[in-house]
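Structure, as structure tokens:
The values are calculated or read from the model by the stated rules, or taken from the named source; none is laboratory data. The shown structure was predicted, so the numbers you read here are calculated from the model rather than taken from an experiment. With ideal geometry, Cβ positions are generated from the backbone for all residues, glycine too; neighbour counts draw on all protein chains shown. These accessible areas exclude ligands, DNA and RNA; they are computed on the full protein's heavy atoms, side chains included. Shrake-Rupley method; radii C 1.70, N 1.55, O 1.52, S 1.80 Å.
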Amino acid sequence: MRIAQAKHMLLGTNDKLQDIALKTGFADGSYLGKTFSKYVHLSPSSFRKRKHTSRIVSIQLKVTLDE
């Protein structure tokens, strides 16, 4: 659930990772980054950069189905 919220914020805002971490219940940006990478298989910055590719759509669907 928190990863889904972070994904939404990464795609929909220009907030810094630290701010997204605090808003989604993570202790800090570093922990969010590690956890995000574990489940999404991309760093938060890579995810944000690839927001307009079909790969992101497939990753979003896979993570949603796996949650």
When you scan the range 3-17, how many residues do you find that are in a helix (DSSP H, G or I) and over 9 Å from the mean Cα position of the chain (by Cα)?
2
How about the range 1-17: which of its residues are open to solvent by 40 Å² or more (accessible area, probe 1.4 Å), modelled with pLDDT of 95 or more and under 15 Å from SER46 (Cβ atoms)?
LEU17
Applying the selection to the range 26-53, what residues are over 15 Å from MET9 (Cα atoms) and among the small types (Gly, Ala, Ser)?
ALA27, SER30, SER37
Restricting attention to the range 18-67, report how many residues are in a helix (DSSP H, G or I), open to solvent by 60 Å² or more (accessible area, probe 1.4 Å) and modelled with pLDDT of 85 or more.
12
